[in-house]
Amino acid sequence: MDAIVYVVGLRKTYGVTVAVDEVSFEVGDGEIFGMVGPNGAGKTTTIECLEGLRKPDSGTVRVLGLDPQRDEQTLRQRTGMQLQQSNLPERMRVWEALDLYASFYPKAADWKDLLAQLGLEEKRHTAFTKLSGGQKQRLFIALALLPDPQLVFLDELTTGLDPQARHAIWDLVRDVRARGKTVLLTTHFMEEAERLCDRVAILDHGRIVALDTPAALIHSRDAEERVVFSLDGGLLSMVEEPLSRLALDRGGRLEVQGGQMTVHGKNGRQVPLVSEVVSLLGREGIQFRDLRTEQPTLEDVFLRLTGRQMIE
């Protein structure tokens, strides 16, 4: 896998604040690579150093074999950028924005084709301020694709969108990759990274704390499985102690909320956690309802690595 992006020892500070601290990674040709983490983790600063918008304090950065600082103008012709704070004049119409931005590139893609491909034809004459959040993001993706880039940067693309619009944008990102592009995106939505990315770097306090495929990150970290079920209130006291022991023996814990019980535990043994829970309840003669298992997610990995929840 050829490296489209090559980063070694990247460091960027703002006064006494270390935004990016010795970050190293590579992005392969045709890959969707994600950088995830909470706000303030260093994702946007890292991507801006790759785009040539910020100068690193130290480290080596190469994008398409070029130095983003020395070769910024050349890179602008070969990369597409959607910035976290993207905006356009309120009265600018969709076609006007595409036509204007196309004039910046000597070999721009046909913006009329992009208009159709991204489902914006009906909004061709609509002013920017009248677009919905999802439509604005589709327009920004179209602008990022105008130079017919080899590499597309997408920074917090779906922040503020409703679930339906977010899923539609995910489909568009997959389509971008299907056109032979490489995508480097940042997000603080773990579900987004898990569904979209071939590989994910988890950042926290300016450092990469884990980097692998979403599946490998989840399974290599011995993540907890959860068994959730409901009991009548009078039965809780009968099983709370044995279930707590079972959870602790599995390296987890028991969580009780009203009549719902959740047994957290690692699932690395020969006998699945859910089988042990059901067997214990059976031995105690306890009738349960609505039992289900919940598999570990990328967010579980993040919480174990950083000890805090994602912040939107």
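Worth pointing out:
- The count of lysine pairs in the chain that are at least 8 places apart or cross chains, and whose C-alpha atoms lie under 28 Å apart, stands at 18.
- For segment 1-65, the calculated P(r), taken from all Cα-Cα distances in 10 Å bins from zero up to the bin holding the longest distance, is 21, 56, 21, 2 percent.
- The chain, dipole about Cα centre (Lys/Arg Cβ +1, Asp/Glu Cβ -1), debye to the nearest 20: 500 debye
- Neighbour net charge for Val27 - beta-carbon separation under 11 angstrom, K R +1, D E -1: -3
- Overall dimensions of the chain by Cα: Rg and Dmax, Å: 23.7, 76
- Principal-axis analysis of the Cα atoms of the chain puts helix 236-249 at an angle of about 60° to the longest axis.
- Residues whose amide H comes within less than 5 Å of that of Gly80, counting only those at least five positions distant or on another chain, are Leu151, Val152, Phe153 (H built at 1.01 Å from N in the peptide plane).
- In terms of overall dimensions, segment 20-142 has a Cα radius of gyration and Dmax of 16.5, 47 angstrom.
- Close amide-amide hydrogen proximity is noted between Arg199 and Ile32, Gly34, each under 5 Å apart and 5 or more residues distant or on a separate chain (H modeled in the peptide plane; Pro and chain starts excluded).
- With the charge dipole of the chain set up from +1 on Lys and Arg Cβ and -1 on Asp and Glu Cβ about the Cα centre, the Cα lying farthest toward the positive end among the listed residues Gly37, Phe104, Gly251 is that of Phe104.
- Whole-Hz Karplus values for segment 61-67 come out as 10, 10, 10, 6, x, 10, 8 Hz, taken residue by residue from phi with 6.51 cos²θ - 1.76 cosθ + 1.60 and θ = phi - 60°; glycine and proline positions read x.
- Computed from backbone phi with θ = phi - 60° and the Karplus coefficients 6.51, -1.76 and 1.60, the 3J(HN,Hα) list for segment 164-179 is 5, 5, 4, 5, 5, 5, 4, 4, 5, 5, 4, 5, 4, 5, 5, 7 Hz; x is used for glycine and proline.
- Size of charge dipole - segment 224-295 - debye, nearest 20, with Cβ of Lys, Arg +1 and Asp, Glu -1, no other charges: 180 debye
- Signed unit charges on C-beta, dipole axis of the chain, positive-most listed residue Trp95, Ile47, His167: Trp95
- When DSSP beta bridges are restricted to pairs lying wholly in the chain, around 65% turn out antiparallel.
- For Asp148, distant residues with modelled amide H under 5 Å away: Ala109
- Segment 193-209 - phi-based ³J(HN,Hα) in whole Hz, Karplus 6.51/-1.76/1.60, Gly and Pro as x: 5, 5, 7, 9, 8, 6, 9, 9, 9, 8, 9, 8, 6, x, 10, 7, 9
- For segment 224-295, a Kirkwood hydrodynamic radius built from all Cα pairs, placed in the Stokes-Einstein relation at 10 °C and 1.306 mPa s, yields a translational diffusion coefficient of 134 µm²/s.
- Dividing the summed helix terms, -39500 (n - 2.57) for each DSSP H run of n ≥ 4, by the number of residues in the chain produces a 222 nm estimate of -10000 deg cm²/dmol to the nearest 500.
- Alpha-carbon Debye profile of segment 160-233, log10 I(q)/I(0) at 0.11, 0.13 Å⁻¹: -0.41, -0.54
All of the numbers you see were taken from the coordinates with simple rules; none came from a lab. From a predicted model like this one, the values you see are computed outputs, not experimental measurements. Using ideal geometry, Cβ is built from the backbone for each residue, glycine included, and neighbour counts are taken over all protein chains shown.
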